[in-house]
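Chemist: Handing you this structure, nothing more for now.
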Amino acid sequence: MRKAWTAMVAWVLALALAQTRGGELRVAVLAEPPVLDPSASTSQEIPRMLYDNVLQGLVKLNEKGEIVPALAERWEGSPSSLTWTFHLRRGVRFHNGAPFTAEDVLFKFNRARDPKSGHTHPEYYRDIGSVEAKDPYTVVFRLRQPDQDFLFNLARPDSVIGPKGRVEEQKTQPIGTGPFRFVAWERGVGVRLERFEGYYEPGLPYLDRVFFRFLPDPNAQIAALRAGDIHVIGLGVSPEAALTLGRDPSFKVVSGTTTTEITVGMNNARSPFNDPRVRRAIQHAVDKKELIQGVMLGFGTPIGSHRSPGERCYEDLSGLYPYDPARARALLQEAGYGPANPLRFTFTLAAPYPYERRLGEAIAAKLQGIGVQARLEVVEWATWLSRVFRGADYQMTIIGHSEPHDIGIYANPNYYFRYDSARFRELYAQYLRTPDPNRACELMKAMQRLLAEDAVNLWVMNAPYIAAMRKEVMGWWQNQPTPSLNVTRVYLAR
């Protein structure tokens, strides 16, 4: 009897495995990234495809936004929070067969904290005084001063680890330790991955292959999904398409949360937005709830500063500037603009992102009601990155800031908003240094309030996460606590 029962259990497990393993998943993404290494570019298209799928760090964010083990199986911090010890997984290999050891960690973070290395966001690592290897599987970080965000920074895409000494090659042929290995980047077409048979988590991943296909046209995405050319539209599904596909039994729609702040960025160092009266006028001229209902069919949550409702220490400031066209006109008049001298500027939109384009067009139309003339300019993604993001050569733009917990960008006066506030930098420094989590939360809220009071940007909404897929796709993340189309546990039902 016992043998029969054991045989039955084995048969059921084998059947379940056969139903979940194998096949190729084809996923549409909106834009092609400039490179494939998140430590070489801040484009969020890179981690959407590669974070945890191909490239991993010591720790990572899971679907709930929790920091969980990745290449470090455990860690501990000293009472002073100045010493952090990480115990690495043993037996892990990179996709090229090289063993993962403490030497790879040292190379990674010595480069990351060097502002001349070209690594993204060296400010995340500037508090690291030294990185030492006690042995091949134990790494000790010693900080110069306490850093409230140290562990979170290690979970960012910027902190993924590749083989020691490999820098330039990672940009086009990334090698990691994740469940999938990189196969090919077909320029203008997509990125191909395949299962890494040597992955350290037994039984994962389920899929044989994954193809991330670049499809910037939303209509082409829907057509490809209906034709079976793709299985998933990974993000950016229009509200109309979500409602239509949700009624079709061949498909399903996933709707969840993100950490994306849809942000109307204003160049605080360039006319006309170097005048805070103009920035505040823009705030009063836009009805966020009307925008969300009219453009997004109710998908989305109004916000009033640079933080999402699902993030710790969020403060709702969405009502700070109520919709008030009369107040908007008065502020513009104070700044020297009126019927005889209307406010004119160029509003730059990034071509691949449908939410932002639709919202930008609606905002420009709304501004006409108070006599403001916003000339729309649509540019390709590579142009937006080079001209707007890196060069700050713009007046107004709109984009989704999807990276979680990124309020620290406002402490950098050279960031593309060109916001230069000594008070904000002081608050941010106090936040980083305090060992008290309650005090840290107070300071986080104070930073949000200061940004809102200074009307640095117009924060329209926290964007929803909407993905559409064929009904056989299982295991897809419902929420996006970090930009990651994570396919580790995705499978195709048979």
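The values are calculated or read from the model by the stated rules, or taken from the named source; none is laboratory data. Owing to the predicted nature of the structure, the values given are computational and were not obtained by experimental measurement. Cβ coordinates were reconstructed from backbone atoms using ideal geometry, including for glycine residues, and neighbour counts include every protein chain displayed. For accessibility, only protein heavy atoms count, side chains too; no ligands or nucleic acids. Shrake-Rupley method; radii C 1.70, N 1.55, O 1.52, S 1.80 Å.
Chemist: Give the residues of segment 399-416 that are in a loop (DSSP other than H, G, I, E, B) and either basic (Lys, Arg) or more than 15 Å from the chain's Cα centre (by Cα) (or both), sorted by residue number.
Modeler: Asn412, Pro413, Asn414, Tyr415, Tyr416
Chemist: Examine segment 140-149 for a residue that is part of a helix (DSSP H, G or I) and open to solvent by 20 Å² or more (accessible area, probe 1.4 Å), and state whether such a residue exists.
Modeler: Within segment 140-149 (the criterion being part of a helix (DSSP H, G or I) and open to solvent by 20 Å² or more (accessible area, probe 1.4 Å)), the answer is no, since none of the residues qualifies.
Chemist: Here is a further query. Quick one: Val295 ticks every box in (1) part of a helix (DSSP H, G or I); (2) under 22 Å from Arg277 (Cα atoms); (3) touching a residue at least 12 places away in the same chain (Cβ under 8 Å) bar one, so which box is it?
Modeler: All conditions are met except number (2).
Chemist: Which ones in segment 176-203 are closer than 17 Å to Pro33 by Cβ and touching a Pro at 6+ places or on another chain (Cβ under 8 Å)?
Modeler: Phe180, Phe182
Chemist: Looking only at segment 368-381, decide whether some residue is surrounded by 14 or more Cβ atoms within 10 Å (Cβ to Cβ), within 20 Å of the chain's Cα centre (by Cα), part of a helix (DSSP H, G or I) and touching a residue at least 40 places away in the same chain (Cβ under 8 Å).
Modeler: yes
Chemist: If you go through segment 248-287 one residue at a time, how many are open to solvent by 30 Å² or more (accessible area, probe 1.4 Å), in a loop (DSSP other than H, G, I, E, B) and at pLDDT below 95?
Modeler: 1
Chemist: If you don't mind, another one. Which one is surrounded by the fewest Cβ atoms within 10 Å (Cβ to Cβ), of the residues in segment 150-180 that are assigned to a helix (DSSP H, G or I) and charged (D, E, K, R)?
Modeler: Glu168
Chemist: How many residues does segment 181-194 contain that are assigned to a strand (DSSP E or B), open to solvent by 60 Å² or more (accessible area, probe 1.4 Å) and either among the β-branched types (Val, Ile, Thr) or modelled with pLDDT under 95 (or both)?
Modeler: Matching residues across segment 181-194 total 1.
Chemist: A further question follows. When you scan segment 382-398, how many residues do you find that are in a helix (DSSP H, G or I), open to solvent by less than 30 Å² (accessible area, probe 1.4 Å) and among the aromatic types (Phe, Trp, Tyr)?
Modeler: Qualifying residue count for the region: 1.
Chemist: Let me ask something else. Would you please list the contacts, defined by Cβ atoms under 8 Å and residues six or more apart or on different chains, that run from a residue in segment 64-75 that is under 21 Å from Gly176 (Cα atoms) to a residue that is of a type in the set (Gly, Ala, Ser) and not in a strand (DSSP E or B)?
Modeler: Matching pairs, first to second residue: Ile67/Ala155; Ala70/Gly57; Leu71/Gly57.
Chemist: How about segment 415-428: which of its residues are open to solvent by 40 Å² or more (accessible area, probe 1.4 Å) and touching a residue at least 12 places away in the same chain (Cβ under 8 Å)?
Modeler: Within segment 415-428, Arg418, Asp420, Arg423, Arg425 meet the criteria.
Chemist: Another question about this same structure. May I ask you to list the residues in segment 20-31 that are touching a helix residue (DSSP H, G or I) at 6+ places or on another chain (Cβ under 7 Å) and modelled with pLDDT under 95?
Modeler: Ala31
Chemist: Taking the stated definitions as given, is Glu290 of a type in the set (Asp, Glu), out of contact with any strand residue (DSSP E or B) (no Cβ under 7 Å at 6 or more places or on another chain), surrounded by fewer than 21 Cβ atoms within 10 Å (Cβ to Cβ) and not in a loop (DSSP other than H, G, I, E, B)?
Modeler: Judged against the criteria, Glu290 is a match.
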